[in-house]
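Throughout, read-outs are computed from the coordinates displayed, never taken from laboratory work. Source: prediction; values computed, not measured.
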Amino acid sequence: MAKVNATVFAPGTKVLFARGGEWRESLAVAAGCKGTAENPITFDAYGEGAKPRFVGSEVLANAGFTPADDNAWKYNLPNLPAGQIYVLQNHQFLGKGPATYASPTLTISSPTDPRSDGKVYTVCVRGNVIASNGGDHLVFRKPGGGRVRRPARRRRHPGLRHPHRAQHRRGGRGLRGPARRPPQHRR
């Protein structure tokens, strides 16, 4: 993922990720990536199986846990970012709130012994797993052939408004003919 994040892609480039693959790093598109309307930069999947997963978390080695108190377990994990830290157990949030962290100790609450319960523990350390970083004309393909497009940013004076927008909202004709529904944006 580091190579993808560091590359400034040319318009028309397709970046493919293997179906069934899982990446724990963030996909952060390089700031200079700018496609065009005719040649967007496309992020897609290839092969068979489940869509690629970007999970933005780190796996905690089960043997690294030590008992703290009743149903509490400590884990030595230096250099976590500030803010709320959540721990997942088999890809499900563990507990009703964030874990506690006082560098370098992460403390979780678990009714079972994480050293021997056979479950996978991960800590969420990244907020934005996929970030476009202001790139223009980026396309992120969805499973099944659909796509989510990040259009070019519009640059206009903050005080200007479309003169006929209010008419369109009321169902009036304005200058462009009958009012149309705005395109649906999928997320």
Q) So for the range 1-114: antiparallel DSSP bridges make up what percent, rounded to the nearest 5? A) 65 percent
Q) Which value, in Å³ per residue, describes the convex hull spanned by the Cα atoms of the range 57-124? A) 78 Å³
Q. Under a straight-distance cross-link criterion of Cα-Cα below 14 Å, which aspartates and glutamates are reachable from Lys14, leaving out those fewer than 8 residues away in the same chain?
A. Glu38, Asp44
Q. Considering only Cα-Cα distances, which of the following residue pairs are longer than 27 Å: Lys3/Lys74; Lys51/Lys74; Lys3/Lys119; Lys3/Lys34?
A. Lys3/Lys74; Lys51/Lys74; Lys3/Lys119
**Q.** For the range 34-44, Karplus couplings with θ = phi - 60° (6.51, -1.76, 1.60), whole Hz, Gly/Pro x
**A.** 9, x, 10, 4, 7, 9, x, 8, 10, 10, 9
Q | Residues with amide H under 5 Å from that of Ala45, placed H, sequence gap 5 or more | A | Phe17
Q) Which cross-chain or sequence-distant (5 or more) residues have an amide H under 5 Å from the amide H of Trp23, H modelled 1.01 Å from N in plane? A) Arg53, Phe54, Val55
Q. From the backbone phi of the range 4-11, what are the Karplus-calculated ³J(HN,Hα) couplings (6.51 cos²θ - 1.76 cosθ + 1.60, θ = phi - 60°) in whole Hz, Gly and Pro given as x?
A. 5, 5, 8, 8, 8, 7, 7, x
